[in-house]
Every structure is written in structure tokens, then in C-alpha cells.
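The structure under discussion appears below in the form of C-alpha cells.
The values are calculated or read from the model by the stated rules, or taken from the named source; none is laboratory data. Computed from a predicted structure; not experimentally measured. Cβ placement follows ideal geometry from the backbone for every residue including glycine, while neighbour counts extend to all protein chains displayed. Note: areas computed on protein heavy atoms with side chains; ligands, DNA, RNA excluded. Shrake-Rupley method; radii C 1.70, N 1.55, O 1.52, S 1.80 Å.
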Amino acid sequence: MPADPEIRRLTPDDLIAFKALRLEALRTEPQAFGAAFEENAARPDAYFLTLIGAEPNLVFAAFEAGELVGKAGFIVEVGLKNRHKGFLWGVYVRASHRGRGIGEALVRRVLDHARSHVEVLRSAVVATNADAGRLYRKLGFQTYGVEPHALKVDGRLYDEELIAIVFAD
Ligand SMILES: CC(C)(COP(=O)(O)OP(=O)(O)OC[C@H]1O[C@@H](n2cnc3c(N)ncnc32)[C@H](O)[C@@H]1OP(=O)(O)O)[C@@H](O)C(=O)NCCC(=O)NCCS
């Protein structure tokens, strides 16, 4: 049985491993993410550094035997009337490491962090993505709407469930 992964926030020193995992996610699971591999593969390192973020924005990552195997990002929305809301993005666990609670542990870390920075945490999940949908519902996300035809990947259209957790009424 492998040891529990270490979960910590990424720093700019993790840039190379983060960029590789991000591009792996977009390449292997194109229907799961709004961002496209083709566009992101061409982006400079500076772009990936902005994704790693600066407090309170961040990416939590799971490391096993020094290898980056999963990630989950958090960003606070901008503007006076929106900065009470955060967004969970880029949740991904390497296929070889799935089904062992790493995804849950990552999203739980984002929830703990988000709770002290925003009043609402939103996200979106492709309606046919059963694994991710089950994980988010288990952790308390509720669906507040569906965006029809939200993504078009290789000519196929995908609806997205819009999901949120309200921390404070
Ligand atoms: C969605 C995703 C992040 C989940 O990651 P994961 O690490 O497999 O998630 P978990 O292991 O926490 O949970 C998955 C299942 O494993 C089970 N599990 C958790 N801990 C376990 C353990 N120690 N042993 C065996 N199974 C376990 C969970 O109960 C869960 O099963 P359930 O849904 O039937 O309850 C992963 O499937 C993924 O990267 N998918 C592709 C990208 C994607 O869709 N991202 C989401 C975009 S919105």
C-alpha cells in the first residue's frame, strides 16, 4: 500500500512539475476542462506561474514519493461585488493514482482554505463526468444550474453543471 500523499500548496519552485501535470490533464481529459491543451501547450512559463497564484489564490497539490500526482486550484473572483466568491478549478489526479482518496483530500484542502476567504465557492463539472460529480456532491456542493452546450470538444457538445457551496448566508 503506498504511503499517504503529502498535500501542500504549490510554489513557483514547482513550476516545471505543475506545468507538466496541467498539460497532462488537458491532453488526457479534454472533455473535463474548459481550457484546451492546444492553446495551453503554447503558453509561456509566466502564464503557468500566474495559475500557481499568489495568496489567497493557490493550487494545492498531492505528492507521492516526490512525484506530483494531483492538483486542485482556488481563485477569488475580482471586483467589489464579486470578491466574496471563489472558484474551484483544475481538479485532476493522475489516472494511476485515482480511487484512493487523493481527489477528495485535495478538494477538502481547497474547502478549508476557501472557507476563510470567501462566502461562496463555485465550480462547474461536465454533466457526464460521474466520478467528479459524485466527489463534489459528497463534499457538499449543490447544483444551481446547467449550462447547455457549455463545452465543444472535437465537435461534441457537453452540458456543464454549475455547482456551489454557500459557507455563509
Ligand atoms: C475526479 C477525480 C479528480 C477524482 O480523483 P480521485 O483521486 O480518484 O478521487 P477519490 O479517490 O477521492 O474518490 C474517487 C473514489 O475513490 C474512493 N476512494 C476514496 N478513498 C479510497 C481508498 N482509500 N481506497 C479505495 N477507494 C477509495 C472514493 O470513495 C470514491 O468512490 P465513490 O465515488 O464511489 O465514493 C479524478 O477521477 C480525475 O482526475 N478525473 C479526470 C479529471 C476530472 O474529471 N477532473 C474534474 C474536473 S471538474
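Please work out the average accessible area per residue across the chain, using the 1.4 Å probe convention, and give it in Å².
On a per-residue basis, 55 Å².
Near residue 25: Cβ cut-off under 13 Å, other residues only, Lys/Arg at +1 and Asp/Glu at -1. The net charge is +4.
Largest first, what is the accessible-area ranking of 113, 149 with a 1.4 Å probe? Walk me through the intermediate numbers first.
On the way: 113 25, 149 115 Å².
Final ranking, largest accessible area leading: 149, 113.
Classify segment 5-48 as rounded, prolate or oblate, taking a ≥ b ≥ c as the square roots of the eigenvalues of its Cα gyration tensor: rounded when a/c is under 1.5, otherwise prolate if a/b is larger than b/c and oblate if not. Oblate, because a/c is 1.5 or more while a/b does not exceed b/c. Could you compute the net charge surrounding residue 153? Neighbours are other residues with a C-beta less than 15 Å from the C-beta of residue 153; K and R count +1, D and E count -1. Summing Lys/Arg as +1 and Asp/Glu as -1 gives -4. Partner aspartates and glutamates whose Cα lies under 17 Å from the Cα of residue 152, excluding those fewer than 8 positions away in the same chain, are identified as 29, 38, 39, 160, 161. When +1 charges are put on Lys and Arg Cβ atoms and -1 charges on Asp and Glu Cβ atoms, the dipole computed for segment 20-169 relative to its Cα centre reaches about 260 debye. For residue 85, a cut-off of 23 angstrom between C-alpha atoms picks up these lysines, skipping any fewer than 8 places away in its own chain: 71, 138. Seen from residue 44, the other residues with C-beta closer than 14 Å to its C-beta sum to a net charge of +1, counting Lys and Arg as +1 and Asp and Glu as -1. When the convex hull of its Cα atoms is viewed from all sides, the chain shows a mean projected area of 10.2 nm². The residue among 26, 116, 53 whose Cα reaches farthest toward the positive pole of the charge dipole of the chain, with charges on the beta-carbon of Lys, Arg, Asp and Glu, is 116.
Summarise the accessible area of segment 14-169 (1.4 Å probe, protein heavy atoms) by the percent that is carbon and sulfur. Carbon with sulfur: 52 percent of the solvent-accessible area. In percent, rounded to a whole number, the relative contact order of the chain is 18, using alpha-carbon pairs under 8 Å and six or more apart.
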